Amino acid sequence: MRKKFVSGVLGIVVALGLGAVIMLIEGFNPITTYSALFSYSLGGFYPLTTTLRNSVPLILTGLSASIAFASGPVNLGQPGQLLIGALFATVGGLYIHLPAPLMIPLLIILAMIGGALWSGIAALMRRFFSMDEFITTLMLNMIADFFTYWAISYPFFDKTAYSPMTPQIDKAGWLPEFGNFNTNILVMVLVFVAVWFIFTRFTAGYEWRLTGQNSIFARLGGCKIDKNYVTVMLLTGALAGLAGGLVVMAGPHRFLKGLGANYAWDGVMIAMVANNDLIGTLLYGLFFSSLQTGAVGMELITAVPSEFIQVLQSVIVLVIVAGRGMLDIVLDKTQIKRKARERTA
Amino acid sequence: MNIFIGLINGMISGATPILLAALGGTFTYYAGIFNIAMEGMMLGGAFFGVLGSYYFNSWPMGILCAIIGALLMALIFIVFTVFLKTDEFVTGIALNLFAVGATTYMLRQIFNVKGVFSNPGIIPIPHIDIPFIDKIPVLGDILSGQNLMVYVTVVVLLISVFAIYKTRFGLRLRAAGYNSPSLDSSGVRTSTMRIWSLVICGVLCGLAGAFLSLGYVTLFSENMTAGRGWISLAAVILVNGNPWGIALISLVFGFTDGLGLLLQKFLPNQFTSMVPYLATLVSLYFYSIQKRKKSI
């Protein structure tokens with residue numbers, strides 16, 4: 001745990017240093033840029049709550065990727081599952097009218113069903129035709145992208161709008177806000193705790209982790225790996241779908257073109273930096289969210305475009321993952337040397 | 001007849017970038033690298049192609065810059081996977097996202113635009129008319145007058161087949177993936193072979209990117225590769241790296257691309273754009289069924 005923390009912090013520092021070098025080459029002042037970045041994401045109530053609100057889709061898709069990767073299935077379909085989940089929640093919000101205490105849980109469940117449906121397709125293709133989910137989920141992403149684009153351009157198009165988008169969903173389906181504090185974070189925390197318990201404390205989670213580490217051992221030990229595979233795919237799809245549903249319910253309250261943004265791919269990156277660790281996913285999700293939230297302020301104050309953050313994020317991922325590997329190699333080597341010395345002595 | 005010729009030509013230009021990138025992927029596939037960074041390399045190539053063509057006002061410089069751009073991406077991949085021994089999967093995903101971020105960032109920094117950069121100053125790669133052949137009816141319209149890069153692709157395909165199966169380099173390349181300890185023990189470094197395979201992959205992805213931004217269309221748009229790198233990867237996996245098989249599959253994908261354009265008269269274009277991805281799923285289905293039969 002301490003090693004992880006050290007490599008994480010070191011990696012972030014090195015990556016921010018590399019970012020500073022790029023800024024110096026481009027002729028920007030790194031100190032004012034970074035202080036603008038973090039004051040707009042962490043300095044005060046308003047920035048902090050915005051960071052929290054923006055972290056929800058990142059953490060949920062990251063959680064989805066972490067659980068999938070740690071349990072075996074290479075589910076890279078979070079972008080598609082997020083979009084389908086968002087579409088389900090939007091359509092539910094447009095046609096169903098209930099009081100808020102019923103409406104919000106209903107839309108949340110609809111979003112999860114949407115995501116699970118989309119990952120379920122990939123799971124079925126794997127189960128019955130042994131098609132590799134690595135490729136099928138990627139292709140389903142593109143298909144979901146075009147499908148939702150069609151859905152918001154024709155059947156659910158808002159006739160008063162100039163660009164493809166749906167009308168706003170029923171007000172009862174909006175997540176309540178207190179000042180700038182959006183309750184989507186509460187939903188996320190609840191789901192996170194539940195998933196954490198299932199994954200680390202229940203037999204089911206134990207079996208998933210076992211399968212992820214060694215599927216042959218797990219099968220010989222009596223785990224139903226085929227059934228577990230489908231369960232994990234459905235769960236991770238539901239998590240990604242939930243991320244999409246919450247984006248609609250907390251943010252624009254409608255499905256706009258480009259709604260999914262880069263959330264899901266960022267989530268996949270977060271899972272990778274966190275090495276599929278759930279708590280790590282939460283922390284890195286918050287950190288990435290603070291970068292993205294601050295990017296707008298950074299662009300406002302300095303001349304650095306907000307796209308710079310996208311570059312910085314992938315640099316952070318590469319540096320931390322590579323650094324972790326290097327740290328392991330260095331530690332192993334020193335250990336071997338010490339042992340060799342003990343033997344010769 | 002015109003529709004038929006149009007369909008064939010659409011198939012060829014749709015297949016070209018996929019085939020080029022997939023041939024690059026074949027080299028890394030044989031060298032035993034799980035290379036999913038083709039998408040990023042292609043995107044880097046496409047951007048630098050536009051950059052070179054625009055600043056030097058010449059398409060050869062565009063192609064050269066595209067190759068350099070893709071090689072830069074390949075270099076990052078080499079540094080992390082070969083030297084630092086980072087996980088190939090993680091590096092690939094991060095590199096693809098890096099490519100999207102970096103090209104978007106540079107698009108804004110260098111050209112001061114968001115989304116799309118198109119300008120008459122970008123010189124496209126020319127189409128080549130072959131004398132005599134272009135006089136033949138029907139066949140002349142297909143064989144002649146294609147983009148230069150299409151002919152380059154055919155040459156690259158032939159060279160790849162020869163290099164992989166008939167040369168010492170190819171033998172060592174395949175040994176690197178098939179049994180790296182025995183290659184190492186015979187005095188050839190596996191890591192050297194892997195680096196070369198990634199360099200070749202970078203060059204070919206650069207050509208693919210150049211075709212996309214200087215041949216297929218003459219502009220650069222954000223994330224313009226649109227999953228073509230992933231389709232290339234699927235093509236490589238589907239035929240276990242056989243270059244002839246890859247050529248065939250690329251033509252099938254190119255055909256569905258052209259078919260999609262044709263179907264636009266009857267369906268909303270969002271559905272016709274799905275066709276190549278659906279085709280990938282269908283071919284994966286047949287591949288998996290066949291593989292399962294063999295294993296039983």
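The values are calculated or read from the model by the stated rules, or taken from the named source; none is laboratory data. Everything quoted here is computed from the prediction, not taken from an experiment. Here the Cβ is made from the backbone with ideal geometry for all residues, glycine too, and neighbour counts use every protein chain on show. Quick note on the areas: whole protein, heavy atoms, side chains included, nothing else; ligands and nucleic acids left out. Shrake-Rupley method; radii C 1.70, N 1.55, O 1.52, S 1.80 Å.
Structural remarks
- Compared with the direct C-alpha span, the chain from B:LEU267 to B:SER182 gains 25.1 nm at full extension, assuming 0.36 nm per residue.
- With every protein chain in place, the protein assembly as shown: carbon and sulfur % of accessible area (1.4 Å): 69 percent
- Between the range A:5-70 and the range A:116-155, the Cα center-to-center distance that results, in Å: 31 Å
- Inter-label distance, nm, simple model (7 Å from Cα along the C-beta direction), A:LYS257/A:SER215: 4.0 nm
- Rounded to the nearest 0.05, the FRET efficiency derived from the C-beta distance between B:VAL155 and B:VAL113 at R0 = 35 Å is 0.50.
- Shielded by partner chains, the range A:102-146 residues - at least 20 Å² of accessible area, 1.4 Å probe, vs chain alone: A:PHE128, A:PHE129, A:SER130, A:MET131, A:PHE134, A:ILE135, A:LEU138, A:MET139, A:MET142, A:ILE143, A:PHE146
- Panel note: contact residues of the range B:210-233 (accessible area lowered by at least 20 Å² against the chain on its own; 1.4 Å probe) correspond to B:TRP230.
- Computed E for A:THR160/A:VAL330 - FRET, C-beta separation, R0 45 angstrom, nearest 0.05: 0.15
- The length gained by stretching the chain between A:ASN180 and A:LYS337 to full extension, at 0.36 nm per residue less their Cα-Cα distance, is 50.9 nm.
- Length gained when the stretch B:ASP134-B:LYS294 is fully extended (0.36 nm per residue, less Cα-Cα span): 53.0 nm
- Backbone geometry of the range A:27-34 corresponds, through the Karplus equation with coefficients 6.51, -1.76 and 1.60 at θ = phi - 60°, to 3J(HN,Hα) couplings of x, 9, 8, x, 5, 5, 5, 5 Hz, x marking Gly and Pro.
- Taking 37 °C and 0.692 mPa s as conditions, chain B diffuses translationally at an estimated 167 µm²/s according to Stokes-Einstein applied to its Kirkwood radius (Cα pairs).
- Think of it as helices only: each DSSP H run of n ≥ 4 in chain B is worth -39500 (n - 2.57), and spread over all residues that comes to -24500 deg cm²/dmol at 222 nm.
- log10 of Debye I(q)/I(0), alpha-carbon scatterers only, for the range B:79-217 at 0.13, 0.14, 0.18 Å⁻¹: -0.86, -0.93, -1.12
- Above-threshold pairs, the threshold being 20 Å between Cα atoms, out of A:LYS257/B:LYS114; A:LYS159/A:LYS257; A:LYS4/A:LYS333; B:LYS85/B:LYS166; A:LYS224/B:LYS294; B:LYS85/B:LYS291: B:LYS85/B:LYS166; A:LYS224/B:LYS294; B:LYS85/B:LYS291
- Sequence-distant residues sharing a close amide H with A:MET165 (under 5 Å, placed H): A:ASP158
- Residue of A:GLY325, A:GLY173, A:GLY62 that the Gaussian network model of chain A assigns the largest fluctuation, springs spanning Cα pairs under 10 Å: A:GLY325
- Centroid-to-centroid separation of the range A:215-257 and the range B:139-166 [C-alpha atoms, Å]: 44 Å
- 1.4 Å probe, heavy atoms, protein only - residues of the range B:259-292 losing at least 40 Å² accessible area vs chain alone: B:GLN270, B:PHE271, B:MET274, B:TYR277, B:LEU281, B:LEU284, B:TYR285, B:SER288, B:ARG292
- Probing with 1.4 Å while keeping every protein chain in the model, the per residue accessible area of the range A:53-275 equals 39 Å².
- The aspartates and glutamates within cross-link reach of B:LYS265, meaning a Cα-to-Cα straight distance under 15 Å and a gap of 8 or more places when in the same chain, are B:ASP257.
- In plain terms, the C-alpha convex hull of the range A:53-275 casts an average shadow of 12.5 nm² when viewed from every direction.
- Interface area, B with A, accessible, probe 1.4 Å, both sides summed, Å² nearest 100: 3900 Å²
- Summary of the geometry: the range A:282-329 and the range B:55-77, compared by the centres of their Cα atoms, lie 27 Å apart.
- If you plug the beta carbon distance of A:ASP277 and B:PHE56 into 1/(1 + (r/R0)^6) with R0 = 60 Å, you get a FRET efficiency near 0.80.
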